[in-house]
Amino acid sequence: MRREENPWRTLDSKRVYENPWISVREDRVIRPDGEPGIYGVVHYKNKAVGVLPVEDDHVYLVGQYRYPLERYSWEIPEGGCPEDEEPLCAAQRELREETGLEARSWRMLGEAYLSNSVADEHAVWFIATGLVPGEQRPEGTEVIGVRRLPLREALAMTMDGRITDALSVLALTTYALDQSRGEDAG
């Protein structure tokens with residue numbers, strides 16, 4: 001068997017949980033070693049979108065208490081993008097809701113699967129520039145703080161564990177790499 005081929009065999013699947021945002025299924029499988037087993041898969045009904053708002057050498061982060069982690073988290077503005085919404089439109093909506101900012105310029109910076117051993121959550125992140133202030137309008141489940149800080153400080157926060165959100169780490173490091181390539185080319 002070639003390495004890229006699927007070594008798993010699915011015998012059957014059953015949905016064990018569902019809500020408006022996720023569904024969880026349990027598959028009865030034959031594992032790659034030929035032994036029987038089970039595999040649990042979390043399906044995300046929305047795409048994850050994130051936006052890194054950049055102004056000069058500064059970025060904006062939002063902070064909020066994350067229920068599953070039982071802790072406060074600093075991260076980029078982010079949220080869910082339903083199937084019938086374009087990721088860019090969802091990113092624009094999230095930026096406006098969580099920070100009050102709007103941006104004149106948008107560019108997709110990257111995409112990734114956030115936890116591909118147990119979930120199919122696909123994420124897309126953007127950079128937003130040409131920022132214009134407005135009114136913050138968080139959802140009823142959110143109590144959000146907003147910080148403007150130098151990019152180098154935000155990057156330090158990813159390195160020392162103050163920022164642990166995967167989408168935020170990806171966006172900040174991708175942007176920093178993108179910037180260093182731009183400086184090298186110039």
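The values are calculated or read from the model by the stated rules, or taken from the named source; none is laboratory data. All values reported here derive from a predicted model rather than from experimental measurement. Positions of Cβ are generated from backbone atoms using ideal geometry, with glycine treated the same way; all protein chains shown enter the neighbour counts.
Observations on the structure shown:
- Any hit, segment 163-181, residues being exposed (fewer than 15 other Cβ atoms within 10 Å of the Cβ), out of contact with any strand residue (DSSP E or B) (no Cβ under 8 Å at 6 or more places or on another chain), modelled with pLDDT of 95 or more and among the hydrophobic types (A, V, I, L, M, F, W, C): no
- Top-ranked residue in segment 12-37 [being exposed (fewer than 10 other Cβ atoms within 10 Å of the Cβ) and in a strand (DSSP E or B); ranked as farthest from the chain's Cα centre (by Cα)]: D12
- D178 vs. criteria among the charged types (D, E, K, R), in contact (Cβ under 8 Å) with a residue 12 or more places away in the chain and not assigned by TED's automatic domain parsing to the domain that holds S23: yes
- Subset of segment 107-137 (residues that are part of a strand (DSSP E or B) and free of Cβ contacts under 8 Å to residues at least 40 places away in the same chain): R107, M108, E111, Y113, G130, V132
- Of all residues in segment 146-169, those being assigned to a helix (DSSP H, G or I), more than 15 Å from V54 (Cα to Cα) and touching a residue at least 60 places away in the same chain (Cβ under 8 Å) number 2.
- Scanning segment 112-135 for residues being exposed (fewer than 14 other Cβ atoms within 10 Å of the Cβ), charged (D, E, K, R) and under 16 Å from the mean Cα position of the chain (by Cα) gives a total of 1.
Residue by residue, here is whether (1) modelled with pLDDT of 95 or more; (2) in contact with an Asp or Glu (Cβ under 7 Å, 6 or more places away or on another chain) holds:
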site: I38; (1), (2): yes, yes
site: Y44; (1), (2): yes, yes
site: L61; (1), (2): yes, yes
site: P68; (1), (2): no, no
site: I76; (1), (2): yes, no
site: E83; (1), (2): no, no
site: L88; (1), (2): yes, no
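- Answer residue from segment 45-74, given it is in contact with a Ser or Thr (Cβ under 6 Å, 6 or more places away or on another chain) and buried (at least 16 other Cβ atoms within 10 Å of the Cβ) and is farthest from L131 (Cα to Cα) among those: Y60
- Beta carbons closer than 6 Å, at least 6 apart along the sequence or on distinct chains, pair a first residue in segment 75-98 that is surrounded by fewer than 18 Cβ atoms within 10 Å (Cβ to Cβ) with a second that is polar (S, T, N, Q) for G80/N46; P82/N46.
- Residues that are in contact with a helix residue (DSSP H, G or I) (Cβ under 7 Å, 6 or more places away or on another chain) and among the aliphatic types (A, V, I, L, M), drawn from segment 1-53: A48, V49, V51, L52
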